[in-house]
Amino acid sequence: MRVTDNMRYNTTINSFFKTQAQYNDIIEKSASQKKINRASDDPIAATKIIDINQNLAANEQYRKNMTSIDSLISTSESKLSSAFDLLVRAQEIAVGQATATASTSTRKIAAQNVQSIIDEMLNLANSKVNDRYLFSGSRNDVEPFSTTLLSPQIEAAGKAANNTFAGTVVSSGTYTGTTNKNYALKITTAGALAAAEYQYSTDGGKTWNGTDLSLAGGSVSLGTGVTLTFDDIGGTKPFGADDIFYVNATAAGYYRGNNETLSITINRGMTLDYNTSGAETFTTSGANVVDVFATLNDLKTALDSNDVTGISNQLDNLKDAQSQVTLSQSLCGAKSDHIETAKNNLDILDENLNSLLSATQDADLAELATKLSMKELALKMSYAISAKIGETTILDFL
């Protein structure tokens, strides 16, 4: 086969460009100290690097989540510790005034001291962190506790800001429930009253009844005496799919929050309920046997009335109240420990991920230095050969 000058020229130039590209690649890897600078360098390794970086970013978000609730949990624990101290003070007053030797005047003074305890307890129970009440459940629009006994109440109905429905919704009835609830209603089939369908929730929309129900007639009973009445103005203001309506109902007592939990993701597939239930701490919710504010108010009334039997009756209630507060305080400590453990696990995981990332993408600088030296030599030879291509003629072979 005849080898022409043009063939020799193209072969030399291609070899030169190839060597130049390899040299540039080594320079880039030396500068970045990474052997993978773009997906084309190693598609499989590049995909692995992306996955590792995504996991590291997720871990950082989990840390931020835990940091955001750390202060809330620690503050809750501190407030509960102070609440326990107040109950101990109230118990000391009750013990001192439950004897027949105590006078009417001293019990009047003691009643004033108990009122001070009630006021301090109210401040603790209505504490906030970053504009969120510590002990109100998922509700944050009103102070969770009152020092006066509240009657059962069904509040005014509300609707989501992005609802299609522009008609009216009115709440009514007499609440017969024993716990505070946040009812929600979601439109599942859009249209006028005659055609619209809905589902309802008794926990603020976390779970739904699961069956579509007809809205025909416009009046909906949500149970425990709560009714919502809709008016679509003769069909001129129809419902849109996923329109949301809600209403809060509070039982008789001192508490206006709810018993819902607030949770946050702290690791893959792992959430933590981080709020402390005001209902389970201060009221007769669940297995609790006393209401903290009712107990303190009853003690004050007994002291004002010089009622020795009434004072004595509150001693056991105060002990039970202390137990309730202590349990909630312990749960706060357990949550703090859980967070600390989760953070430590993330640190260990980050260590392993960073080691894997380094093994996957970090360049061997010593190896690169050797290759760079070899490519520099090859490049010099390519320059030298390229310079002589034009000088070679047929006369050189005669």
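Each reported figure results from applying straightforward, stated rules to the coordinates on display, with no laboratory input. Here the structure is a predicted model, which is why all the values come from computation and not from measurement. Positions of Cβ are backbone-derived with ideal geometry, glycine not excepted, and every protein chain shown enters the neighbour counts.
Find the Rg to Rh ratio for the range 302-359, where Rh is the Kirkwood radius over alpha-carbon pairs and Rg uses the same atoms.
1.58
For the range 93-138, just the Cα atoms, rotate onto the principal axes and tell me the three extents in Å, largest first.
48, 14, 11
Using a 7 Å offset from the Cα along the Cα-to-Cβ direction at both K319 and D212, what is the distance between the two label points in nm, to one decimal?
With each label placed 7 Å out from Cα toward Cβ, I get 5.8 nm.
Would you mind calculating the gained length between T104 and T164 on full extension (0.36 nm times residue separation, minus the Cα-Cα distance), in nm to one decimal?
Details: separation 60, 0.36 × 60 = 21.60 nm, distance 6.42 nm.
Fully extending the segment from T104 to T164 adds 15.2 nm.
Just for the range 158-251, what percent of DSSP beta bridges are antiparallel, to the closest 5? Before the final figure, lay out each step's value.
Details: 25 of 26 bridges.
In the range 158-251, DSSP labels about 95 percent of beta bridges as antiparallel.
So if R0 is 30 Å, what FRET efficiency would S116 and D307 give, r being the distance between their Cβ atoms, rounded to the nearest 0.05?
It comes out at approximately 0.90.
With θ set to phi - 60°, apply the Karplus curve 6.51 cos²θ - 1.76 cosθ + 1.60 along the range 183-196 and write out the HN-Hα couplings as whole Hz, x wherever there is a Gly or Pro.
For the range 183-196, the Karplus curve yields 7, 9, 10, 10, 6, 9, 10, 6, x, 6, 3, 5, 10, 5 Hz.
From the P(r) of the range 158-251, can you give the percent of Cα pairs sitting at distances over 20 Å? If you can, show how the numbers build up before the last one.
Values: 1243 of 4371 pairs.
Roughly 28 percent, once rounded to a whole number.
For L262 paired with E92, estimate the spin-label separation in nm (one decimal), with each label point 7 Å from Cα along the Cα-to-Cβ line.
For the pair L262/E92, the computed spacing is 3.3 nm.
Across 5 Å bins from 0, what is the distribution of all Cα-Cα pair distances for the range 108-195, in whole percents?
2, 9, 14, 15, 15, 13, 11, 7, 5, 3, 2, 1, 1, 0
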